[in-house]
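Accompanying notes for the structure given below.
The values are calculated or read from the model by the stated rules, or taken from the named source; none is laboratory data. Treat the numbers as computed from the prediction; the structure is a model and nothing was measured. When we count neighbours, we look across all protein chains shown, and the Cβ atoms used for this are built from the backbone with ideal geometry, even at glycine. Surface areas here come from the heavy atoms of the whole protein model, side chains and all, with no ligands, DNA or RNA. Shrake-Rupley method; radii C 1.70, N 1.55, O 1.52, S 1.80 Å.
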Amino acid sequence: NQEGGCAVGVSGKDGALLKARKLLAEDGRDLGQVGEITQVNKGFLELLLGQGYVPVVSPVGLGDDGQSYNINADAAAADVAAALGASKLIYLTDVAGILDKAGELVSELKASDLEAELTTGAITGGMKVKTQSILKALRGGVERVHVIDGQTPHSVIAELFTDRGVGTLVTLQ
């Protein structure tokens, strides 16, 4: 806003932006008020965007049961990008991008290779959820997903406007 933009904070509950349902752990354990998105109110986002606003979405979903559900931010970003038909999604994180087994940055990946790494168990922890979100975004129509270090100054510019980039680019094909 200080730079002339018109950002507006919205909760996923506002205007039923993020409809959600309760999410259970893989082993069936109850995770409390954790949920997953079932629907994105694209019209509400388009209304804000059409009026020149930049929606900053808090990833809290509204369940059919009236409950609030905490949504993983990476998953919410993937669902919102897919719903809007975005061609590109950028994840700003605290690592350089997706790393190989030796800890080296992988500059480019195909979704099938990323899925194989996920299936073998090579990707764990927080990167597992991010990887699942990347794949979901690509399957939802997003053409390119970038994972870059948001702590590095000008990393978005370096990723998008240089030949090699500074993070990891994941594409469907």
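A few comments on the model shown:
- Within the stretch 1-112, DSSP assigns beta bridges of which about 55% are antiparallel (rounded to the nearest 5).
- For the chain, the per residue solvent-accessible surface stands at 57 Å², with DNA, RNA and ligands left out and a 1.4 Å probe.
- 3J(HN,Hα) along the stretch 86-91: 5, 8, 9, 10, 10, 9 Hz, from the Karplus curve 6.51 cos²θ - 1.76 cosθ + 1.60 with θ = phi - 60°, whole Hz, x for Gly and Pro.
- Förster-model FRET efficiency, 30 Å R0, Ala116 and Ser11, C-beta, rounded to 0.05: 0.25
- Cleavage-rule hits, GluC sites (Glu not before Pro), the stretch 86-128, DSSP coil, Cβ neighbours within 10 Å at most 14: Glu104
- Every helix of 4 or more DSSP H residues in the chain counts as -39500 (n - 2.57), and over all residues that averages to -9000 deg cm²/dmol at 222 nm.
- For the stretch 1-150: rounded, prolate or oblate by the Cα gyration tensor [a/c cutoff 1.5]: oblate
- 5 angstrom amide H check on Gln39, placed H, neighbours 5+ away: Lys19
- Cβ-derived FRET efficiency at R0 45 Å, Gln39 paired with Thr152, nearest 0.05: 0.80
- Considering only the stretch 59-172, percent of DSSP beta bridges that pair antiparallel, nearest 5: 45
- Percent accessible area from carbon and sulfur atoms, the chain, protein chains only, probe 1.4 Å: 52
- Greater than 20 Å apart at Cα, pairs in Lys19/Lys42; Lys19/Lys136; Lys22/Lys110: Lys22/Lys110
- Residue with peak Gaussian network fluctuation, the chain [Cα springs, cutoff 10 Å], from Lys128, Lys101, Lys110: Lys101
- Spacing of the two label points (7 Å from each Cα toward its C-beta) at Gln2 and Arg21, in nm: 4.4
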